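Report on one structure; see the data block that follows.
Each reported figure results from applying straightforward, stated rules to the coordinates on display, with no laboratory input. The structure displayed is predicted, hence computed values, not measured ones. Cβ placement follows ideal geometry from the backbone for every residue including glycine, while neighbour counts extend to all protein chains displayed.
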Amino acid sequence: MSFVPDAAVAARSSEIAVLLTLGFHPRSVLASFLAESALIALVGGVIGALLALPINGVVTSTTSWASFSEIAFSFRVTPGLLLAGMCCALVMGLIGGFFPARRTANLPVVQALR
């Protein structure tokens, strides 16, 4: 079975090899990649929340072509929605970073040095 690392692992394989050679446990390498993934996801969540704030209170409408009626609604950005968005960003970052991190933690040192 051939092993093809993803782009993040391939780009940092020498760093991974150094960490493993220095004696870091593969779980520590996994934890560092997960922490990095979570941090990047939280930064993305904060940027998304800041971009959503200017549309708070904007009223817009749409037309229902079936009944020829107009439906008006306003965007409300509440603290609860911001918190839910941040939690969603964190969970997606952890899930998205887990599989490359697991693959990285199990990467043989000899293969990482190539």
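Observations on the structure shown:
- Inter-site label distance for ILE40 and SER67 at 7 Å from Cα along Cβ, in nm: 4.6 nm
- Most mobile listed residue (LEU30, LEU82, LEU53) in the chain, GNM with C-alpha springs under 10 Å: LEU53
- Among SER13, SER37, SER74, residue whose mean-square fluctuation peaks in a GNM of the chain (springs only between Cα atoms under 10 Å): SER74
- Once Cα extents along the principal axes in Å is calculated for the structure shown, the corresponding label among [x] 34, 32, 26; [y] 67, 31, 18; [z] 41, 25, 20 turns out to be [y].
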